[in-house]
């Protein structure tokens with residue numbers, strides 16, 4: 001047991017130490033590899049969940065866009081229906097306005113005719129009073145003057161009504177042509 005044994009034990013110790021170091025390195029390498037594989041698996045799982053979340057978000061955005069498009073379409077339809085109703089109401093308003101104007105014009109024309117018919121009678125009555133050598137009463141002179149002013153005012157009113165009606169008719173023809 002001498003030097004051979006000592007050499008053998010030294011060699012065996014060196015092999016055991018080297019083997020232990022190799023074994024430790026191998027175990028450490030294996031643990032590191034397993035840790036990396038687990039880390040890669042976690043990263044893959046996180047990436048898969050992120051991809052799933054992105055796909056859900058994209059679907060939600062597409063759904064939101066589709067709903068927005070539908071709301072816009074419905075709003076456009078409602079707007080079109082509203083515009084049609086407003087156009088119909090406007091047309092009815094124009095017709096009513098035209099009828100009222102025609103009626104007021106007729107009433108004004110009748111008032112003018114009646115006032116024109118009254119004027120010669122007032123003038124004749126005042127002429128008779130003056131022919132009798134009397135001074136006509138102030139209220140009769142005022143009535144004659146008011147009647148003459150009414151005739152001027154009624155004629156001016158009819159002229160303005162005629163101009164306004166011509167403008168309204170032109171606008172109605174233009175709006176009917178644009179519709």
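At a glance:
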{"item": "Potential lengthening between residue 18 and residue 49 on full extension [0.36 nm per residue; Cα-Cα distance subtracted]", "result": "6.6 nm"}
{"item": "Residue 33-residue 170 pseudo-label distance in nm [points 7 Å out on the Cα-to-Cβ vector]", "result": "9.8 nm"}
{"item": "Relative contact order, percent, region 3-178 [alpha-carbon distance under 8 Å, six or more residues apart]", "result": "21 percent"}
{"item": "Within the chain, helix-based [θ] at 222 nm, where runs of 4 or more DSSP H residues each add -39,500 (n - 2.57), nearest 500", "result": "-36500 deg cm²/dmol"}
{"item": "Helix 138-178 axis, angle to the chain major axis (alpha carbon atoms, nearest 10°)", "result": "40 degrees"}
{"item": "Length gained when the stretch residue 79-residue 95 is fully extended (0.36 nm per residue, less Cα-Cα span)", "result": "3.4 nm"}
{"item": "Distance (nanometres) between label positions extended 7 Å along Cα→Cβ at residue 109 and residue 5", "result": "15.2 nm"}
{"item": "Gyration tensor over alpha-carbon atoms, region 3-178, equivalent ellipsoid semi-axes in Å", "result": "120, 18, 9"}
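Read the figures in this text as sums done on the coordinates, not as results from a lab. Predicted model only: the values in this text are computed from it and were never measured. Here the Cβ is made from the backbone with ideal geometry for all residues, glycine too, and neighbour counts use every protein chain on show.
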